[in-house]
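The values are calculated or read from the model by the stated rules, or taken from the named source; none is laboratory data. Values in this document were obtained by computation on a predicted structure and should not be read as measured data. Using ideal geometry, Cβ is built from the backbone for each residue, glycine included, and neighbour counts are taken over all protein chains shown.
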Amino acid sequence: MTLSRAEVDHVATLARLGLSDAEKDRLLGELEAILDHIARLQRVDTSTLAETAQVGDLVNVLRADVPEAPIGAAAALRNAPATDGSYFVVGAIQGTELDA
Amino acid sequence: MTPRTITELAAALRDGTTTPRTLLDAALAHVDRTEQDLNAYLAVTRELGYTQADAASHVLEEHPDTASPLCGIPMALKDVLCVDGIDTTAGSKILRGFKPPYTSTAVQRLFDAGAVCVGKTNCDEFAMGSSTENSAYGPVGNPWDIERVPGGSSGGSAATVAAGSVPYSLGSDTGGSIRQPAALTGVVGFKPTYGRISRYGLIAFASSLDQIGPFTRTVEDCALVYMAIAGHDPRDSTSDPRAVDDPLASLHAGVAGMRLGIPREYLGEGTEPGVRDAVQAAFRVLEAQGATLQEVSLPSTDVALSVYYIIAPAECSSNLARYDGVRFGSRVERPSLTDMYLQTRGVGFGNEVKRRVMLGTYALSSGYYDAYYRQAQKVRTLVSQEFEAVLKEVDAIVCPTSPSVAFPMGSRDDPLSMYMCDVVTLPANLAGIPGISVPCGFVDGLPVGLQVIAPRFEDARVMRVAHAYEQATDFHAQLSPYASAAA
């Protein structure tokens, strides 16, 4: 199992994690060790096994289609780092910067 | 005065020998005296506590017979549980100053019962860890030896009960985060069946695994807290609508005639000899009470850890995507939106959270999804099937809670060695089945826990076995130095 530094860069971009070069170097080694350990999973014969996504047996849980009082804009905005009236404020989205 | 149980305090509140305010005064004074050593709290909710204590006094005066046994009794909450208007950080810098706009269902049920909140307890960041050393606000000391960890991730909730500040607290358990710290601090810790307790208002880590549960000093107290918080909640779509069996009804039924299984894989070479001796002595106690013990096998135990460390990071990488510096939490201002995301998350998250977000994102990424995530989901099925088969053969499983006793702070800096802490607790999360840890001995003055595991929705059976063991021994009654020194 070898993880490349380019893969660490790629995954950090996918996860939107700003990491220093030192952090990436450290993570490369740590993730490799963890993935080496986890590799034993590949030896299990799973040809007859279905996937478990959840352990409960509830299916399609829906509530009655009755309106409830919303939490309200003031409460929803209370923790936001920047707001304007009843809006969240973010920086402009420029060009193709989200193309990772 | 030694710390009292919920049952004892409920009686004292009714015979007039104490009041909710007196109990809160004592709890706050105890926290003040011990915090410098323990760092178990991220916030002390003095004002909320006194408001609740006064309301509880009123209820106890007006309706002493119908008031909940929890009414007027102090408690603490792991800082992953939202309380309206009260700082909730999940042990992370990214949520410093966050004040939730609502209260979690489990906590609201305690408040409705008249519980008195002392504070929010320290934990590993976003509940990721087994030692509470990953908190952004400093580690928690183990009341039995403050140079050692209390376990994790609910280390603050475990430590405050072990120190005798409060008779109970709530934690959350995704891979052992209630049971393992309970074992390492010598208290009772219970992870209920998946779906039994609403997670509405619990800050999510891995949603197919997370459960809320109590820390207490006795199994009877555990049953009391469980009954107050268990049961259906329409606000959590994984909350199960089935009626809750009251564990108090069968608590004293004993283990005579019960078949108990000892998984041979759970006492493997990673288990410290002292832990093995203590747990084997516990097996003999159960046998002496009429249980039949037999060896059983859960062959996928060694791959269960690998399954967990794919599924939990995968779910966390998805759940933690919400911390983007827009709607809540801290933000690092940058002119471009992408840079703002990168810096906000890069600065706001600690090392273990970054490691798991990276691991999870990798396992879910194109080209690796089938080999890692899908394969882990399939092996998860195998882990569940093995439990199902064994739990048809025996009524419950008994085993260690943790392969080791509390270890020195800083001694497990390699992530894999830390992950091994959960090797005998996380399989129950993968299968969604209930498990409890009850004190079963000491190694060089450090507590050991006995774990009891049963089939789904047999939460009462878990408590029945643990109670039978507890009543035959006095390990649960031994107090940490911080508790025995309590005034």
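Out of all the residues in the range B:24-46, which are under 23 Å from B:Asp84 (Cβ atoms) and buried (at least 17 other Cβ atoms within 10 Å of the Cβ)? Lay out the reasoning, then the answer.
Initially, the range B:24-46 is screened for residues under 23 Å from B:Asp84 (Cβ atoms), giving B:24, B:27-28, B:31, B:40-46.
Across the range B:24-46, the qualifying residues are B:Leu24, B:Ala27, B:Leu28, B:Val31, B:Ala40, B:Tyr41, B:Leu42, B:Ala43, B:Val44, B:Thr45.
For the range A:29-41, how many residues meet the condition of being facing another protein chain (nearest Cβ under 7 Å) and either closer than 16 Å to B:Tyr362 by Cα or surrounded by 14 or more Cβ atoms within 10 Å (Cβ to Cβ) (or both)?
Qualifying residue count, the range A:29-41: 7.
Only one of (1) farther than 24 Å from A:Arg26 by Cα; (2) more than 7 Å from every other protein chain (Cβ to nearest Cβ) is not met by B:Leu337, so which one is it?
All conditions are met except number (2).
Of all residues in the range B:219-236, which are surrounded by fewer than 24 Cβ atoms within 10 Å (Cβ to Cβ) and not in a helix (DSSP H, G or I)?
Across the range B:219-236, the qualifying residues are B:Gly231, B:His232, B:Asp233, B:Pro234, B:Arg235, B:Asp236.
If I filter the range B:391-412 for residues that are more than 14 Å from every other protein chain (Cβ to nearest Cβ), of a type in the set (Phe, Trp, Tyr) and touching a residue at least 24 places away in the same chain (Cβ under 8 Å), do I get at least one hit?
Within the range B:391-412 (the criterion being more than 14 Å from every other protein chain (Cβ to nearest Cβ), of a type in the set (Phe, Trp, Tyr) and touching a residue at least 24 places away in the same chain (Cβ under 8 Å)), the answer is yes, since at least one residue qualifies.
A quick yes/no check of all residues on (1) touching a Lys or Arg at 6+ places or on another chain (Cβ under 8 Å); (2) modelled with pLDDT of 90 or more:
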residue: A:Leu49; (1), (2): yes, yes
residue: A:Thr52; (1), (2): yes, yes
residue: A:Asp65; (1), (2): no, yes
residue: A:Gly72; (1), (2): no, yes
residue: A:Asn79; (1), (2): yes, yes
residue: A:Ala82; (1), (2): yes, yes
residue: A:Gly85; (1), (2): no, yes
residue: A:Val89; (1), (2): no, yes
residue: A:Thr96; (1), (2): no, no
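Residues that are over 26 Å from B:Gly257 (Cα atoms) and not aliphatic (A, V, I, L, M): find the strands (runs of 3 or more DSSP E) completely inside the range B:376-487 holding 1 or more of those. Full working, then the answer.
Values: elements: B:396-400, B:435-443, B:446-453.
So the answer is B:435-443, B:446-453.
Scan the range B:240-274 for residues that are within 14 Å of B:Val398 (Cα to Cα) and among the charged types (D, E, K, R) and jot them down.
B:Arg259, B:Arg264, B:Glu265
Would a scan of the range A:83-94 turn up a residue that is surrounded by 12 or more Cβ atoms within 10 Å (Cβ to Cβ), over 25 Å from the mean Cα position of the chain (by Cα) and over 27 Å from B:Gln211 (Cβ atoms)?
For the range A:83-94, residues surrounded by 12 or more Cβ atoms within 10 Å (Cβ to Cβ), over 25 Å from the mean Cα position of the chain (by Cα) and over 27 Å from B:Gln211 (Cβ atoms): absent.
Give the residues of the range B:191-218 that are in a loop (DSSP other than H, G, I, E, B) and under 30 Å from B:Ala468 (Cα atoms), sorted by residue number. Working first, answer last.
Of the residues in the range B:191-218, the ones in a loop (DSSP other than H, G, I, E, B) are B:192-201, B:203-210, B:217-218.
Matches in the range B:191-218: B:Pro192, B:Thr193, B:Tyr194, B:Gly195, B:Arg196, B:Ile197, B:Ser198, B:Arg199, B:Leu209, B:Asp210, B:Arg217, B:Thr218.
In the list B:Gly151, B:Gly129, B:Gly156, B:Gly119, which residue meets the criterion of being assigned to a strand (DSSP E or B), among the small types (Gly, Ala, Ser), buried (at least 24 other Cβ atoms within 10 Å of the Cβ) and touching a residue at least 12 places away in the same chain (Cβ under 8 Å)? Break it down into steps so the answer makes sense when it comes.
Details: B:Gly151 fails: assigned to a strand (DSSP E or B); B:Gly129 fails: assigned to a strand (DSSP E or B); B:Gly156 fails: assigned to a strand (DSSP E or B).
Result of the check over B:Gly151, B:Gly129, B:Gly156, B:Gly119: B:Gly119.
Based on what the data block shows, is B:Arg355 under 24 Å from the mean Cα position of the chain (by Cα) and either outside the structural domain of B:Pro101 (by TED's automatic domain parsing) or modelled with pLDDT of 95 or more (or both)?
So B:Arg355 passes the test.
The rows are residues; the columns are (1) among the small types (Gly, Ala, Ser); (2) in contact with a helix residue (DSSP H, G or I) (Cβ under 9 Å, 6 or more places away or on another chain).
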| position | (1), (2) |
| --- | --- |
| B:Gly270 | yes, yes |
| B:Ala281 | yes, no |
| B:Gln289 | no, yes |
| B:Val296 | no, yes |
| B:Ser300 | yes, yes |
| B:Ala314 | yes, yes |
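For the range B:24-63, name all the residues that are more than 15 Å from B:Val166 (Cα to Cα) and part of a loop (DSSP other than H, G, I, E, B).
B:His63
Looking at B:Tyr469, B:Tyr419, which one is of a type in the set (Phe, Trp, Tyr) and either surrounded by 24 or more Cβ atoms within 10 Å (Cβ to Cβ) or more than 14 Å from chain A (Cβ to nearest Cβ) (or both)?
B:Tyr469 is the lone residue from the list that is of a type in the set (Phe, Trp, Tyr) and either surrounded by 24 or more Cβ atoms within 10 Å (Cβ to Cβ) or more than 14 Å from chain A (Cβ to nearest Cβ) (or both).
Identify, please: which residue in the range B:280-334 is at the interface with another protein chain (Cβ under 7 Å from one of its Cβ atoms) and of a type in the set (Phe, Trp, Tyr) and is, among those, nearest to B:Pro101 (Cα to Cα)?
Restricting to residues being at the interface with another protein chain (Cβ under 7 Å from one of its Cβ atoms) and of a type in the set (Phe, Trp, Tyr), the top hit is B:Phe328.
If a residue must be among the small types (Gly, Ala, Ser) and touching a Leu at 6+ places or on another chain (Cβ under 6 Å), how many such residues does the range B:80-113 contain?
2
Looking at B:Val357, is it in a loop (DSSP other than H, G, I, E, B) and either within 8 Å of chain A (Cβ to nearest Cβ) or under 22 Å from A:Glu32 (Cα atoms) (or both)? So that I can check it myself, show each step before the final result.
Numbers: in a loop (DSSP other than H, G, I, E, B): no; either within 8 Å of chain A (Cβ to nearest Cβ) or under 22 Å from A:Glu32 (Cα atoms) (or both): yes.
In short, no.
Would you confirm, using the coordinates I've provided, whether B:Thr66 is in the same structural domain as B:Pro167 (by TED's automatic domain parsing), touching a strand residue (DSSP E or B) at 6+ places or on another chain (Cβ under 8 Å) and not in a strand (DSSP E or B)?
Here the answer is no, as B:Thr66 does not meet what is asked.
Name the residue that is farthest from the other protein chains (Cβ to nearest Cβ), counting only residues in the range A:1-28 that are of a type in the set (D, E, K, R) and surrounded by 18 or more Cβ atoms within 10 Å (Cβ to Cβ). Please lay out each step first, then the result.
Here is the first cut: in the range A:1-28, the residues of a type in the set (D, E, K, R) are A:5, A:7, A:9, A:16, A:21, A:23-26.
Filter again for surrounded by 18 or more Cβ atoms within 10 Å (Cβ to Cβ), leaving A:16, A:23.
On the way: A:Arg16: 4, A:Glu23: 7 Å.
Taking the candidates together, the pick is A:Glu23.
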